[in-house]
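Remarks on the structure that follows.
The values are calculated or read from the model by the stated rules, or taken from the named source; none is laboratory data. Treat the numbers as computed from the prediction; the structure is a model and nothing was measured. Ideal geometry is used to build each Cβ from the backbone, glycine not excepted, and the neighbour counts take in all protein chains shown. Side chains included, ligands, DNA and RNA excluded: accessible areas come from the protein's heavy atoms. Shrake-Rupley method; radii C 1.70, N 1.55, O 1.52, S 1.80 Å.
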Amino acid sequence: DVLRAFERAVRRAGLPMAYSEGFSPRPIVSYSFPLPVGALSEAEYADFRLVEDWDPAFFLEHFNRYLPPGFQVVQAERLPEGSPALMSEINAALWKVTLPGVSPEDVEGRWQSLKAQDSFVVERQTKRGNRQVNLRPLLFGLPRIAQLEGAVEVHCLAAVGSEGNLRLEELGLLLGFNPAEAVITRLGQFKKVGSVYQAPLGNRGFTWTEQ
């Protein structure tokens, strides 16, 4: 649905897109990793290849006029020629999970228990059949556990991408919650190198090490 909304906005805006070759040419756009069904997001990314050199600020103002309500591009930058695709760079995501009916102590206790374990193995269904997956290395840490009114807000740094991907239902297994009863929002996507988390645009990012 997100891709369809963007493709329609591209046509309405008359962007000077580069197109693929073949019988059904399509605008050359690459996106970051898909958002799971039922999750919200504040950090989605896309690479647009244009055949004209547009100023990023002008692109931002013009394209936003044609996006449907609820969608807004908040930042745009030129990428150097030959820059790697987003999908090959991003390997970490920051999730905000709002859990009703639990306490910060419950979550902290669960996390401390997980940190003491070397593995947390589940059986994952894939297109090639079932396989055993160790989820423990895919959850990097919980930078924030905060009390809200009637709920707890937890920030979770987790793996995403071809090298390792933590599904939301698996995050629920690790932390002991039902994703259907939580409000889950993707706050950021990053290139993780050691303890450094670098966002795809600009100099935004942070360094975080589990204490």
Query raised in the report: In the full protein assembly as shown, how much of ILE28 is accessible to a 1.4 Å probe, in Å² to the nearest 10?
Result: 60
Query raised in the report: At a probe radius of 1.4 Å, what is the per-residue accessible area of ASP118, in Å² to the nearest 10?
Result: 140
Query - Residues in region 31-73 reached by a label modelled at ARG8 [backbone nitrogen below 12 Å; 7 Å Cα→Cβ] - result: 67-69
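Quick one: compute the contact order of region 136-179, relative version, from alpha carbon pairs under 8 angstrom and 6+ residues apart, as a percent.
Relative contact order for region 136-179 comes out at 32 percent.
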Report task. Would you mind computing, in nm to one decimal, how far apart the modelled labels at LEU60 and SER88 are, each placed 7 Å from Cα along Cα→Cβ? Result -> 2.7
Query raised in the report: What distance in nm separates the simple spin-label points at GLU42 and ARG128, each placed 7 Å from Cα in the Cβ direction?
Result: 3.7
Query raised in the report: Quick one: how many Å² of SER83 are accessible to a 1.4 Å probe, rounded to 10?
Result: 50
Query raised in the report: What area, in nm² and to one decimal, does the C-alpha convex hull of region 1-68 cast on average over all directions?
Result: 5.4
Query raised in the report: If you plug each phi of region 151-161 into the Karplus form 6.51 cos²θ - 1.76 cosθ + 1.60 with θ = phi - 60°, what whole-Hz ³J(HN,Hα) values come out, in order, with x for Gly and Pro?
Result: 7, 10, 9, 10, 9, 10, 8, 9, 6, 9, x
Requested in this report: Could you please report the charge total around ARG186, scoring K, R as +1 and D, E as -1 over all other residues with beta-carbon less than 14 angstrom from its beta-carbon?
Outcome: 0
Report summary line: The answer for GluC sites (Glu not before Pro) in region 117-159 that fall in a DSSP coil and have at most 12 neighbouring Cβ atoms within 10 Å is GLU149
Query raised in the report: Could you work out the helix-only [θ] at 222 nm for the chain, with each DSSP H run of four or more residues adding -39,500 (n - 2.57) and the total divided by the number of residues, to the nearest 500 deg cm²/dmol?
Result: -6000 deg cm²/dmol
Query raised in the report: How about region 71-123: which trypsin sites (Lys or Arg not before Pro) there are in a DSSP loop, with at most 12 other Cβ atoms within 10 Å of their Cβ?
Result: ARG78
Requested in this report: DSSP loop (so not H, G, I, E, B), at most 15 other Cβ within 10 Å: list which GluC sites (Glu not before Pro) in region 2-73 pass both filters.
Outcome: GLU21, GLU42, GLU52
Query raised in the report: Using just the C-alpha positions of the chain as equal point scatterers, what log10 of I(q)/I(0) does the Debye formula give at each q in 0.18 1/Å?
Result: -1.32
Query - Backbone N under 17 Å from the SER30 label point (7 Å along Cα→Cβ), restricted to region 83-108 - result: 83-92
